[in-house]
1. Could I have the simple spin-label model distance between L252 and L19, label points 7 Å from Cα toward Cβ, reported in nm to one decimal?
2. Determine the dipole magnitude for region 113-231: charges of +1 sit on the beta-carbon of Lys and Arg, -1 on that of Asp and Glu, nothing else is charged, the reference point is the Cα centre, and the result goes in debye to the nearest 20.
3. If R0 is 22 Å, what FRET efficiency do you get for I75 and E152 from their C-beta distance, rounded to 0.05?
4. Sort the following peptides by mean Cβ neighbour count (other Cβ atoms within 10 Å, averaged over residues), highest first: 98-107, 119-128.
5. Which residue, N92, L67, A104, has the largest displacement toward the positive end of the dipole of region 65-104 when charges sit on each Cβ (Lys, Arg +1; Asp, Glu -1)?
6. Calculate the dipole size of region 28-112 relative to its Cα centre from +1 charges on Lys and Arg beta carbons and -1 charges on Asp and Glu beta carbons; express the result in debye to the nearest 20.
Amino acid sequence: MNIMDFNVKKLAADAGTFLSRAVQFTEEKLGQAEKTELDAHLENLLSKAECTKIWTEKIMKQTEVLLQPNPNARIEEFVYEKLDRKAPSRINNPELLGQYMIDAGTEFGPGTAYGNALIKCGETQKRIGTADRELIQTSALNFLTPLRNFIEGDYKTIAKERKLLQNKRLDLDAAKTRLKKAKAAETRASSEQELRITQSEFDRQAEITRLLLEGISSTHAHHLRCLNDFVEAQMTYYAQCYQYMLDLQKQLGSFPSNYHSNNNQTAVAPVPSASSNVIGSSALTSTSSLVITSPSNLTDLKECGGSRRARVLYDYDAANSTELSLLADENKGTGCKWRSWSWEDMQKMKEHRTKSNSFVYPGRSSLPPYFFEMIA
């Protein structure tokens, strides 16, 4: 019975306190009761904590989206995290693309230019996938985890103490209201005693809350270090990806000289030359200069005893004294436009040769090809 009486009395006291707070809160909203204002420093700390919480949540969520764009995968990882279980390893997008490229290249044939290029691209994509996985792990450990610990730990404690401070303030203001309404001396003495107690509890809770809120500055300093770790992880990731792609580009750039094309077209023949990689003006204007002899065999270079004429298709400014400056539509003895062409451009020009009178003369691999139209 004593235990039951104690529980009933405690329940009644709690209900009375809750009702008193509700009445005080309602009267404040209606402007019928005074409200104790917190000091400006404490208000600033509360505002700073709330601002920190809001932006930390936004940054954390968007970082998760950046690292894992798939929402289903994020939900799965969240569930496993709440169950204290490790999420199963899944292949990421670069790794999946890399595997498809490798499989396709293997089926097309590693001996073909396209097949070999696909295999090399696939291997590079898989390396990028591994780097992406390392970025996610490092960022989750060094950046996301500290942010989440603040939201789920420190800020929850701050919010709890802030709520207690709000309740203590309501109790204090309710006690002030009762003291104002007290008429009898005995009632007034009781109200004054209650006011002293509630004021002491309010001051104590305000100090506890202030100490917690002042830790926000330390939180910012810690998050700054975590941000630096995240930036370093990203820098490492992008540097790795750049190096991988640079190496891949160099490997792909060597394919035209090492492999035949997939449609079995023969690569263009090199220009015979004794020592120089530059064809000078004397070579272009000589009566025994090198010219293309017929549309049926564009890559065969022959010695021509007579002078030939060609119409320049493009303007060209000479880079040095060993070259000719040319103007479009100008007639020259085997005059031509000098410009660089990619391997794909050279293939397109070979296809174009059957549709017009334009001839292609691709020089050595170290020389740019020529593109001009024979007119005489």
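What follows draws every value from the coordinates through simple rules; no lab data is involved. Because the structure is predicted, anything quoted here is derived from the model rather than measured. We place every Cβ from the backbone using ideal geometry, glycine too, and count neighbours over all the protein chains shown.
1. Spacing of the two 7 Å Cα→Cβ label points: 7.9 nm.
2. In debye, rounded to 20, region 113-231 gives about 420.
3. Numbers: r = 18 Å, r/R0 = 0.81.
Between I75 and E152 the formula returns 0.80.
4. Working: 98-107: 16.3, 119-128: 20.5.
Ranking the peptides 98-107, 119-128 by packing returns 119-128, 98-107.
5. The Cα lying farthest towards the positive end belongs to L67.
6. On the way: 11 positive and 15 negative charges, 24 e Å.
Charge dipole, region 28-112, about its Cα centre: 120 debye, nearest 20.
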